[in-house]
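Just so it is clear, none of the values below were taken in a lab; they were calculated from the coordinates. Please read these numbers as outputs of a predicted model, since none were measured by experiment. Because the Cβ atoms are built from the backbone with ideal geometry, glycine has one as well, and the counts that use them run over all protein chains shown.
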Amino acid sequence: MDIAWLDRQANLNYLSKLFLKLKGQTDLVVLPEMFTTGFTEKSKEFAEPMNGLTIQFLKKMATDNGFAIAGSIIIEEEPSFYNRFLFITPKQKVYHYDKKHLFRLSGEIDNYTAGKSKIIIHYKGWNICPQICYDLRFPVWSRNVNNEYDLLIYSASWPKSRIDVWDSLLKARALENQSFVCGVNRIGIDGNQLIYNGKSILFDAKGRTMSTIEENKEEYQTVNLSKYSLSTFRENFPVWKDSDSFQFIKNL
């Protein structure tokens, strides 16, 4: 998706047409990070409440088209602003995850509040763990404890200058967590002149590429995932049983 810079309505208009094309073809559509604005530090100017325009739009689109919709937008919950991953089902159930690792280099850490917890979404018999962009660099945060999730999703605005890291870390997350991993990235040039070349990709639990979108190409792909094949692989190669145990503690 080539996100129109700071133009919510233009992006929603684009998505409305895209969703119509996907009707009846899929159970889940995943969008990039901050898909209504592009990745911006202007949290105060472009934040929405949880009952705002975008969420109402996504609820309607999910219901009308019969699939769940996921991706991140800017949300305000006074007095804080969040880079929030939304997952909205056709029955209009709304799950959300707030980005834990805020990108210090861009100033995100100064304009948003970090999330405090992971979530696992239960949808159509699948356990799904949502994360956002920079979270990808922190493997402890995505650790798949006792196979608590089957699909790990990263919604991202990952620039072309660091795209080799994107490819490598997504594959690593699939291998170490014995999980499907989906990374969805934007294309185009944003208002800060950052260049994005996409390369959205899906790996299986063995680190094999199941689907990838050509560099700088705006398109969608649909892929069938097999819960049975994942479960069989985990049973036959139970690496997770030998993983190190740990727990998160509060910052001192």
Give me the distance between the Cα centres of the stretch 75-102 and the stretch 144-185, rounded to whole Å. 19
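At a temperature of 4 °C and a viscosity of 1.567 mPa s, determine how fast the chain diffuses translationally according to Stokes-Einstein, using the Kirkwood radius over alpha-carbon pairs as Rh; express D in µm²/s, rounded to the nearest whole number. Show your work: numbers first, answer last.
Numbers: Rh = 18.4 Å.
So the translational diffusion coefficient is about 70 µm²/s.
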Separation in nanometres of the label points that stand 7 Å from Cα toward Cβ, at E218 and E235: 4.5
From the phi angles alone, apply the Karplus equation (6.51, -1.76, 1.60; θ = phi - 60°) to the stretch 200-213 and give each ³J(HN,Hα) in whole Hz, x where the residue is Gly or Pro. 4, 8, 10, 10, 8, 5, 9, x, 8, 6, 9, 7, 8, 9
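Based on DSSP H runs of at least 4 residues, each adding -39500 (n - 2.57), what is the mean residue ellipticity at 222 nm of the chain after dividing by all its residues, to the nearest 500 deg cm²/dmol?
Values: 6 runs with 61 residues, N = 252.
Calculated at 222 nm, the ellipticity per residue is -7000 deg cm²/dmol.
Take the alpha-carbon positions of the stretch 35-176, form their convex hull, and give its projected area averaged over all directions (one quarter of the hull surface) in nm². Intermediate results must be reported in sequence, preceding the final value.
Working: hull surface 35.6 nm².
Averaged projected area of the stretch 35-176's Cα convex hull equals 8.9 nm².
Only counting other Cβ atoms within 10 Å, I'd like R104, R186 sorted with the fewest neighbours first.
R104, R186
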Give the relative contact order (percent, whole number) for the stretch 8-241; include only Cα pairs under 8 Å separated by 6+ residues. 14
So which of K100/K241; K91/K227; K42/K100; K59/K118; K59/K241; K93/K217 end up more than 30 Å apart, counting from Cα to Cα? K59/K241; K93/K217
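Taking every pair of Cα atoms in the stretch 110-168, average 1/r, invert it to obtain the Kirkwood radius, and report Rg/Rh to two decimals.
Details: Rg = 13.0 Å, Rh = 13.0 Å.
Ratio value, two decimals: 1.00.
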Here the equivalent ellipsoid of the stretch 102-218, derived from its Cα gyration tensor, has semi-axes (largest first, whole Å) of 23, 19, 12
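Show me 136-149, 29-42 ranked by packing, highest mean number of other Cβ atoms within 10 Å first.
Details: 136-149: 15.4, 29-42: 23.1.
My ranking of the peptides, most packed first, is 29-42, 136-149.
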Packing-based exposure ordering (other Cβ within 10 Å, fewest first) of H122, H101: H122, H101
With θ taken as phi - 60° and the coefficients 6.51, -1.76 and 1.60, list the Karplus ³J(HN,Hα) couplings across the stretch 108-124 in order, rounded to whole Hz; mark glycine and proline as x. 4, 5, 8, 10, 9, 9, 6, x, 10, 8, 6, 9, 10, 9, 9, 8, 6
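Using a 10 Å cut-off around each Cβ, can you sort T212, T222 from fewest to most neighbouring Cβ atoms?
Values: T212 15, T222 11.
Listed from fewest to most nearby Cβ atoms, that is T222, T212.
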